[in-house]
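Derivation of every value follows stated rules applied to the coordinates shown; laboratory data play no part. Just so we're clear, the structure is a prediction, and the values are computed from it rather than from any experiment. We place every Cβ from the backbone using ideal geometry, glycine too, and count neighbours over all the protein chains shown.
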Amino acid sequence: MATVIMPDDIVSTLPLFPNAVQGNVDALLMEWMNADRIRAAGLSPSPSLLVYGAPGTGKTSLALWLAQQLGRPVVLARLDGLISSFLGTTARNLGTLFAFANRYDCVLVLDEFDAIAKVRDDPNEVGEIKRVVNALLQNMDVRVGLGVTIALTNHEALLDPAIWRRFEVQLAIPKPAFEQRVQIALRSLDDAGENARAEAHLLSWVAEGLSGAELRTLATKYRKRRLFLEAAAVPPAVTVAQVAESTSVHIRDDVLDILRLDEARQMRPLHAAGLSYTDLAYLFSVSTKTVQRRVTEE
């Protein structure tokens, strides 16, 4: 029904977020870590957090990291695993989960939240889901003051309006912007040198529109291939193009079209994307003079 993770066993790194998102994370953590001071002022700390966004944007990692910072165990439940075809069983499973979590000072993480918290007037759903949503609302009301609850969903549009009102803090996690992608790629490459930054810049350009998890997959695959190659023999840009063509991650067609061009014709759009002459010289294993000529020639 759920996995219990003790504080010392939580392994999670805070994902790289835009400043606005990071500011909200910092403020919420400060609130939770100073709950007694807030209560002393006659106020109530936020009891719950709803995190939503595309798959691979770091929602689960964020929830685990917050619990780690609070020094509390995690009760991690995938709500799609609580669903039963037997009448009333899903609501009972939900009640059992909350009753267990409410006995401890823990962080209850509800993954795949939309599996249960669906809109109750959806014509495609049977009456059972309405009873389940009502049971969820009641259990969340009972849990207020007993611990922190974090819900995660990739499909926020499916949530019942009453569910939204149960979460004082609602945090949208966007796909990473370019600078976040560069930092994610650098982490995956495990190197902070100038050459790694050129590689990270190119991988981040290729990963436009991808999630952080998809970029890590791309960067890790690139890193593994480079372990067996000499840079002079196979330029890094060639390896990036090969990885982009062979990965399960969906790379944009316009990006693939550029990567399929010959070396000389790739340099101009890549330079326009922000890669310097020095970066391109390393990535294509040529001199900066050669890069300059190819970028500027008609």
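Take 201, 155, 271 and order them by how many other Cβ atoms sit within 10 Å, fewest up front.
Numbers: 201 23, 155 15, 271 18.
Lowest count first: 155, 271, 201.
Of (1) 20.2; (2) 19.7; (3) 21.8, which is the value of Kirkwood radius over Cα pairs in Å derived from the coordinates here?
(3)
Just want to confirm a number: the relative contact order over the chain, from Cα pairs under 8 angstrom separated by 6+ residues, in percent.
19 percent
Would you list 33, 6, 267, 140 from fewest to most Cβ contacts within 10 Å?
By the 10 Å Cβ count, ascending, the order reads 6, 33, 140, 267.
Would you work out which of 249, 11, 164 lies farthest towards the positive end of the dipole of the chain, given +1 charges on the beta-carbon of Lys and Arg and -1 on that of Asp and Glu, about the Cα centre?
Highest projection toward the positive end goes to 11.
For a quick check of your reading of the filter: which chymotrypsin sites (Phe, Trp or Tyr not before Pro) in region 32-101 sit in a DSSP loop and have no more than 10 other Cβ atoms within 10 Å?
Details: sites: 32, 52, 65, 86, 98, 100; in loops: 86.
Hits after loop and neighbour filter: 86.
Taking the simple approach of a point 7 Å from Cα along Cα-to-Cβ for both residue 36 and residue 254, what is their distance in nm?
Taking the two extended label points, one gets 5.6 nm.
Along the Cα-to-C-beta direction of residue 24, a point sits 7 Å from the Cα; which residues of region 49-79 have their amide N less than 15 Å from that point?
49-54, 57-60, 62-63
Quick check: pseudo-label points 7 Å beyond the Cα along Cα→Cβ at residue 6 and residue 229, how many nm apart are they?
4.5 nm
With only Lys, Arg, Asp and Glu charged, each at its Cβ (+1 for the first two, -1 for the last two), find how big the charge dipole of the chain is about the Cα centre; round to the nearest 20 debye.
The dipole magnitude comes to about 320 debye.
I want the antiparallel fraction of DSSP beta bridges within the chain, as a percent rounded to 5.
15 percent
Counting helices only, and only those DSSP H runs with n ≥ 4, report the 222 nm mean residue ellipticity of the chain as the sum of -39,500 (n - 2.57) divided by its residues, in deg cm²/dmol to the nearest 500.
It comes out at -15500 deg cm²/dmol, rounded to the nearest 500.
Explain nothing, just the number: relative contact order of region 3-173, from Cα pairs under 8 Å at least 6 residues apart, as a whole percent. The partial results should precede the final answer.
Values: 265 pairs, mean separation 57.2, N = 171.
The value is 33 percent.
With charges set only on the Cβ (+1 for Lys and Arg, -1 for Asp and Glu), what does the dipole of region 178-296 come to about its Cα centre, in debye to the nearest 20? Write out the running numbers ahead of the final one.
Working: 16 positive and 15 negative charges, 32 e Å.
Taking the Cα centre of region 178-296 as origin, the dipole is about 160 debye.
Chymotrypsin sites (Phe, Trp or Tyr not before Pro), restricted to region 204-251: which are DSSP loop and have at most 12 other Cβ atoms within 10 Å?
228
What order, most packed first, do the peptides 259-266, 55-62 have when packing is the mean number of other Cβ atoms within 10 Å of each residue? The partial results should precede the final answer.
On the way: 259-266: 14.6, 55-62: 19.8.
So the order, starting with the most tightly packed, is 55-62, 259-266.
Mean separation of Cα pairs under 8 Å and 6+ residues apart, divided by the residue count of region 178-296: what relative contact order is that in percent?
Numbers: 124 pairs, mean separation 30.2, N = 119.
Over region 178-296, the number comes to 25 percent.
Just flag the trypsin sites (Lys or Arg not before Pro) in region 199-245 sitting in loop per DSSP whose Cβ has no more than 14 other Cβ atoms within 10 Å. Don't jump to the answer; show the numbers that get you there.
Details: sites: 216, 221, 223, 224, 225, 226; in loops: none.
Passing sites in region 199-245 do not exist.
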